[in-house]
Structure formats: C-alpha cells, structure tokens
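Participant: There's a structure below that I have some questions on.
The values are calculated or read from the model by the stated rules, or taken from the named source; none is laboratory data. Every value quoted in this text rests on a predicted model; they were computed, and no experiment measured them. Here the Cβ positions follow ideal geometry from the backbone for every residue, glycine too, while neighbour counts run over all protein chains shown.
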Amino acid sequence: MISMIKGEVVQVCGSDITVMVSGVGYLVHVPAGVDLDIALGDQVTLHTHLIAREDALNLYGFTDPRQKEIFSLLLSVSGVGPKTAMSIISGMEPNRFLDEVVCENIGYLCSLPGIGKKSAQRIVLELKERIVKKYSTMGTKRHRDGAEDAVAALMALGYAESQARRAVGSVKAESVEDIIRGALKELIR
C-alpha cells in the first residue's frame, strides 16, 4: 500500500496531477479544487489511498489526512465508489461532514455533489456509529449547538421550525452568523 508520497508536481490536468518521486512519476487523483492550490514545480506531500482493480491501479491523494480517512469511510458505504467519494470530498469540509453525519443532517448531505436522499440516508446509517466510535464528538456538539442557535434565531424572526431546520441543514458554514446568513438566503429564494 502506498500511504503517502512526497515529491515535485510535474503535471496538472484537471483533478489529476503527476508527482515525481525519485525519478518515478505517480498519477494521483485529487479532489476538485486542490488543483487551484497546486502548481507545476511545487513540492507536495499527499496522503494517498491505493485502489487495485483487475485492470488498473488508481492512486487517490489528499493534502489533509482527515480527507483520506473520510474517503476510506465513504468507500465502505454500499453504492459509493471512488468517483462519488471524491466528488463528496470536493464539496465539503472534513470536520463539518463528520459532525453532520453524526447529527443525521440529511439536508446537508444532500447538498453535497453526487448525493441524493437515499445515498445520504445510507451514509448516515452505515457511518454514524463508526464515526462516533472513532472520533471525538466535541466538534459535533459545538456545531449542533451552533445549528440549534441558528434555528432558534430564525424562529424568532417568524419562520416555522420546519422551515428553519431545512434551511439551516442546507447551509455549509461554521459560525452561527454564517449559518443564519446562508439560511436566510435559502429562505428568501
């Protein structure tokens, strides 16, 4: 298993990069958006996940080790393959994703690229307990409190609780203020 590579970026093509390590060029699939941070000639360290198939060896790389862990978790969910997992990782912040799965926030999960309602429910069903066991829930409590504060604020503005929860669930933000701002934009549409 190739768990990490460090070398010079010699080619960037969309969400694929080639990293030269001791004279060998490794083609690495990276989440969309990472290519904005990586330029030719950069020295990079990528946490990698190798998937061996009958007809190919595919190497997936992540600048954040938490992204690699989430990628591995997503691959364990029935119906989620590497392409979908990379799409999901491209559209989320790792700690927020873990928090939302534990909180069973289907609205947030459905807002990620490549996930519908059934896939979101399957992810919650198959990953929630594993995430709770593996990771501290300190961040989960902090985010849940922020989301609850945002729902309370929207209800104080006259929105129904169901509307407020749905709007808050569709927002990707960390601070209570940003959650409220995003939820209001959602409600105004």
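Participant: Could you look through segment 81-140, keep only residues that are buried (at least 17 other Cβ atoms within 10 Å of the Cβ) and touching a strand residue (DSSP E or B) at 6+ places or on another chain (Cβ under 9 Å), and pick out the one that is nearest to D178 (Cα to Cα)?
Facilitator: I89
Participant: Please tell me if I179 is touching a Leu at 6+ places or on another chain (Cβ under 8 Å), surrounded by 14 or more Cβ atoms within 10 Å (Cβ to Cβ) and either under 28 Å from A32 (Cα atoms) or modelled with pLDDT of 85 or more (or both).
Facilitator: No.
Participant: Inside segment 153-176, can you point out the residues that are among the β-branched types (V, I, T) and surrounded by fewer than 20 Cβ atoms within 10 Å (Cβ to Cβ)?
Facilitator: Within segment 153-176, V176 is the sole residue that qualifies.
Participant: Report the residue count in segment 7-38 for those that are loosely packed, with under 11 Cβ neighbours inside 10 Å, under 21 Å from I89 (Cα atoms) and out of contact with any helix residue (DSSP H, G or I) (no Cβ under 8 Å at 6 or more places or on another chain).
Facilitator: 3
Participant: Sticking with this structure for a sec: Out of (1) in contact with a Gly (Cβ under 6 Å, 6 or more places away or on another chain); (2) in the same structural domain as L98 (by TED's automatic domain parsing); (3) β-branched (V, I, T), what's the single condition that is false for I70?
Facilitator: (1)
Participant: Next question, about the same structure. Here is a check on your reading of the model: is V44 buried (at least 20 other Cβ atoms within 10 Å of the Cβ), over 19 Å from S111 (Cα atoms) and out of contact with any helix residue (DSSP H, G or I) (no Cβ under 9 Å at 6 or more places or on another chain)?
Facilitator: It is false that V44 is buried (at least 20 other Cβ atoms within 10 Å of the Cβ), over 19 Å from S111 (Cα atoms) and out of contact with any helix residue (DSSP H, G or I) (no Cβ under 9 Å at 6 or more places or on another chain).
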